[in-house]
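To start, the structure itself, in structure tokens.
The values are calculated or read from the model by the stated rules, or taken from the named source; none is laboratory data. The model shown is predicted, which means the values in this text are computed figures rather than measured ones. No Cβ is skipped: glycine too gets one built from the backbone with ideal geometry, and neighbour counts run over all protein chains shown.
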Amino acid sequence: MKIKIPLQLVELEDDNFHLIVKSVFEDETTGFWVVDTGASKTVFDKNLENQYDSEEESSDQLHTAGIGEKPIETTLARLKPFSLGKLNVENQKVALLDLTHINKLYSKATSLQICGLLGGDFLMMFQAIIDYRKKIMILQTKK
């Protein structure tokens, strides 16, 4: 089944565009995600502790590479259920990072609070298609 998710285009600086998708967590709070086709792993803000459960077996820290030269140490967690439009997402594994710096950057252009980055793992799982003209992301479910 194909699910169309509306996207918001945010221009942080001249010709610097980011795609944002809105989610709703099971406690009815709203979260905004950056669709990050360059990120291999989905990332979530570690400061939003009520929205995830830490992975017990992942006592090892995961090393991720950002655009900088130094690896970033992070831990893994599973998100509590949330929805993106009509898509219900359960057991999404994420890397936890402090996204305070991302939200400071976004506060200059918008009032949206970013909860995470949807990475390649998520986009591949749902065979995402991004339509910039229509500002939608089409996700494919197995149902």
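Here are some notes:
- Filter result for GLU56 (assigned to a loop (DSSP other than H, G, I, E, B), farther than 23 Å from HIS18 by Cα and at pLDDT below 95): yes
- The residue of region 62-102 that is nearest to GLY119 (Cα to Cα), among those that are modelled with pLDDT under 95 and part of a helix (DSSP H, G or I), is ILE102.
- Taken as a whole, the condition of being at negative phi and at pLDDT below 90 applies to ASP14.
- Subset of region 1-16 (residues that are in contact (Cβ under 8 Å) with a residue 60 or more places away in the chain, exposed (fewer than 13 other Cβ atoms within 10 Å of the Cβ) and not in a strand (DSSP E or B)): MET1
- When residues of region 108-134 are limited to those that are of a type in the set (Gly, Ala, Ser) and out of contact with any strand residue (DSSP E or B) (no Cβ under 9 Å at 6 or more places or on another chain), the one farthest from GLN92 (Cα to Cα): SER111
- Filtered by the rule that a residue be loosely packed, with under 13 Cβ neighbours inside 10 Å, outside any loop (DSSP other than H, G, I, E, B) and at pLDDT 95 or above, region 103-139 gives MET124, ASP131.
- Hits in region 27-40 (condition: at pLDDT below 95, in contact with a strand residue (DSSP E or B) (Cβ under 9 Å, 6 or more places away or on another chain) and of a type outside the set (Val, Ile, Thr)): ALA39, SER40
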